[in-house]
Each structure stands twice: as structure tokens, then as C-alpha cells.
1. Output yes when any residue across segment 351-363 is in contact with a Phe, Trp or Tyr (Cβ under 9 Å, 6 or more places away or on another chain), in the same structural domain as K304 (by TED's automatic domain parsing), surrounded by fewer than 24 Cβ atoms within 10 Å (Cβ to Cβ) and among the hydrophobic types (A, V, I, L, M, F, W, C), and no when none is.
2. Any idea how many residues of segment 366-380 are closer than 18 Å to A26 by Cβ, of a type outside the set (D, E) and either in a helix (DSSP H, G or I) or free of Cβ contacts under 8 Å to residues at least 60 places away in the same chain (or both)?
3. Taking D314 as meeting all but one of (1) more than 18 Å from the chain's Cα centre (by Cα); (2) within 22 Å of P38 (Cβ to Cβ); (3) not in a helix (DSSP H, G or I), write down the number of the exception.
4. Go through (1) of a type outside the set (F, W, Y); (2) surrounded by 17 or more Cβ atoms within 10 Å (Cβ to Cβ); (3) not in a loop (DSSP other than H, G, I, E, B) for I51 and report which single condition fails.
5. Pull up segment 261-311, narrow it to residues that are free of Cβ contacts under 8 Å to residues at least 24 places away in the same chain and under 21 Å from the mean Cα position of the chain (by Cα), then point me to the one that is farthest from I51 (Cα to Cα).
6. Where in segment 116-198 are the strands (runs of 3 or more DSSP E), entirely inside, with at least 1 residues that are touching a Ser or Thr at 6+ places or on another chain (Cβ under 7 Å) and buried (at least 22 other Cβ atoms within 10 Å of the Cβ)?
7. Can you tell me which residues in segment 56-75 are assigned to a helix (DSSP H, G or I), of a type outside the set (V, I, T) and buried (at least 19 other Cβ atoms within 10 Å of the Cβ)?
8. In segment 210-229, what residues are touching a helix residue (DSSP H, G or I) at 6+ places or on another chain (Cβ under 8 Å), surrounded by fewer than 22 Cβ atoms within 10 Å (Cβ to Cβ) and closer than 22 Å to S87 by Cα?
Amino acid sequence: MTPELDQLHPYPFQKLAELFRDITPASKPAVSLSIGEPQHEAPQAVIDALIQHMDGLGNYPKTQGIPALRQTIARWLEKRFSLHANSVDAERHVLPVNGTREALFSFAQAVIDRSQKPLVLMPNPFYQIYEGAALLAGAEPYYLDCADNGQPDYHAVPDDVWARCQLLYVCSPGNPTGAVTDMATLQYLLQKAVAHDFVIAADECYSEIYFDEANPPTGMLAACQALGMQDYRNCVVFHSLSKRSNVPGLRSGFVAGDAAILERYHLYRTYHGCAMGLPTQYASIAAWGDEQHVIDNRACYRRKFAAVLDILGDLPGFHWPDAAFYLWPQLPFDALAFTRELYRQENIIVLPGQFLSREHDGHNPGADRVRIALVAGEAECIDAAQRLHRVYQQFL
């Protein structure tokens, strides 16, 4: 077995199960707010397309995907991020993947040169796949602690760290913070990537969950265009249908960006054996080709956040995020004890922030926080907020 496996931390939900090991929860309706698994209905057009193309199960799919899917994705990117017409070449700049989780992991295996003592930079707290991908690729994770605004201070990264960096994971909107990285910061990171010749993996899978229809979060490809980098040099973005279209079980997403990087990554994926099945590809075309269900989905999240924060907004730490569907409150008491009591008394599950972050320079930036995913139905979220409020007040 590869020795790098010994470096992996238990996954956050393993830690959560251990935290609850000796607890019998209250006999009340269970509400899980710990995992970012959307519970809204999947679009009917996606379901119909999946069923209509079941005959595709009799064919081996190509790793690159069918041209219609790549074209649909390319045009979606141009419209969504206000890119120049035909600036995304469906043949060279787009590659379908089986959800961003597998792609974020396998991408590191393809781009890291382990012979050069590489660093992989990532926000702290972070999506745990970043760390596992770095370790199994033979790299050293380098943690960039997020400040109170949910963002790392990229300007504070020393030049010797940038010099060893081979891969930078950027997550915007952030998981778990919900923070959106602004255009100026994205451009700064692109300039660093070119200067030090490292690759940016921009995880944008929450880009379609935001609250102001007139101000969607920007993205890394738009930052490339603003700098005149029409080749998307040193940059690959990751998008998924899981959050956007409420189909996490479809396992469908894409990567897009630097054609030279994607050519090599395509070679890796050909051997990796992870081509997307044809029924899933046709369902994905239906999803990427329709915006109304996404607009409706955002409206649902706005209603839930408004209702939940009407209940919790008087408590310290609770406020609207920039985007995504998480609350990330900083608690004035022990987050582990609160998580246990919330489960014991109310059968509600949240995720302690320290399970999503690492101690760095004597500080764990998630230690006094919890992540609350507002993915359940509106009535369930309101009920959970009322019950959470009662337990919270016991700790004050």
C-alpha cells in the first residue's frame, strides 16, 4: 500500500461519528445540517433526458465526452461569466468530469511533480479533498488561514512559498465560509501563477448559489479575460451540477481552462477510466442548457436564509454569507460541546469547524465555529433553527 495513505486524516464525518459515539439523540425529528447535499427537487427536464437516453448504456463513452455537451458547457461559460463570444473552444478548453470531487482529486495526481519537493497551497478551512489530493500526489499541503472575512491573505504569502508552489486550490464561493473572492484578488493570483509557473485549480462549484441576481460571483476565467489571457494560462476551473441543479447523485461536472494542461489531464483521465456515461451526458446537456430552474433554486435558498436568520440573527455570529448555502457562525463557547448537545437534545446534526481545518502556527481557524448547511426543506430548516436557538441560549 502507498505510504502516503498513512498521512491522511479521518474524513470530517468520521470524526463527527466518533464525537457522537456515546450519545443517544432525543426522539425528535432528525435534521441533518452537516453535509452539503441539496435536498431540493431535481429538474424534471434532467430526469427526462436521463431516462430518454438509457439506450446509451450499451456504449462505451469517450473520456472527452460528446461534442454537444462540450459545446453546451462552452456557451454556458461565456454567457455566465461575460466572456467574449467563442472564447471558450469546446474542443480544447472543456473536459467533462464525474463531479468536481473526483476531478479536484485526480487533477493533483496529474499535475504534481513529486520530485521537486512541491507545495500545494489551499485555504484553511478547506474542502478536505484538497489536502488528500496533495498528500497522495506526494506534495506538502501549505495552509492559508482564512481571516474573519472568510478569505486567506494571499498578499502575505512569502515569495519562497510561491516559488515551491505547484498547485493552488482556490474556492470561491468558499466552503465553508461562503466568501466570494473579488476580481482584483483573482488577477493577483493569476499573475503569481504565471510568474512562478504554478497551476491554479479554481473550485467554483458554489458559483450559482448567491443572493443578488444582479451581482453573481465572478470567476477565474473572467479574471483571465480581464488580464488579456485568452489562453487561460496556468488556470483550470471546476464546475458541478450537484449544487446548481440539485443532482449530487448524477455525478456530473466539468473542468475548463488552459488547453495545454487539459490535453495532459485528458491523457491521465483516459488511463484513469472515468468517462461520463452517455445518459448522464445528455442529462447534463439539459441541465447546463436551462437557467430557470437555477433561478428558482436561488429563490428557494433566499427564502430559507431569510427565515432562518429571522430566528437566529439575534445570536452572536449569525449573518448572511456572500454566497453558497452555509452558515459559518463564530461561537462564544465551545463548538464541540455545542454540537454534542444539539444532537443530544434536539437530534440536529451540524459539523464542527475544526473538523474542516488544520492547526497552523498554533491556531485552528475553525476551532470556535460550526458549519450549518441549509440544504433541507424550508419547513425543516425553520424548525431546526428554532430548536438550535434553544440550545444556543443554554450556552450563553
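1. No, the conditions are met nowhere in segment 351-363.
2. 0
3. (2)
4. (2)
5. A299
6. Numbers: elements: 119-124, 140-145, 165-171.
Result: 119-124, 165-171.
7. L69, R70, A74
8. Once the filter is applied, which keeps residues that are touching a helix residue (DSSP H, G or I) at 6+ places or on another chain (Cβ under 8 Å), surrounded by fewer than 22 Cβ atoms within 10 Å (Cβ to Cβ) and closer than 22 Å to S87 by Cα, segment 210-229 yields P216, T218, A222, A226, L227, M229.
The values are calculated or read from the model by the stated rules, or taken from the named source; none is laboratory data. Note that the structure is predicted; figures quoted are calculated from it, not measured. Using ideal geometry, Cβ is built from the backbone for each residue, glycine included, and neighbour counts are taken over all protein chains shown.
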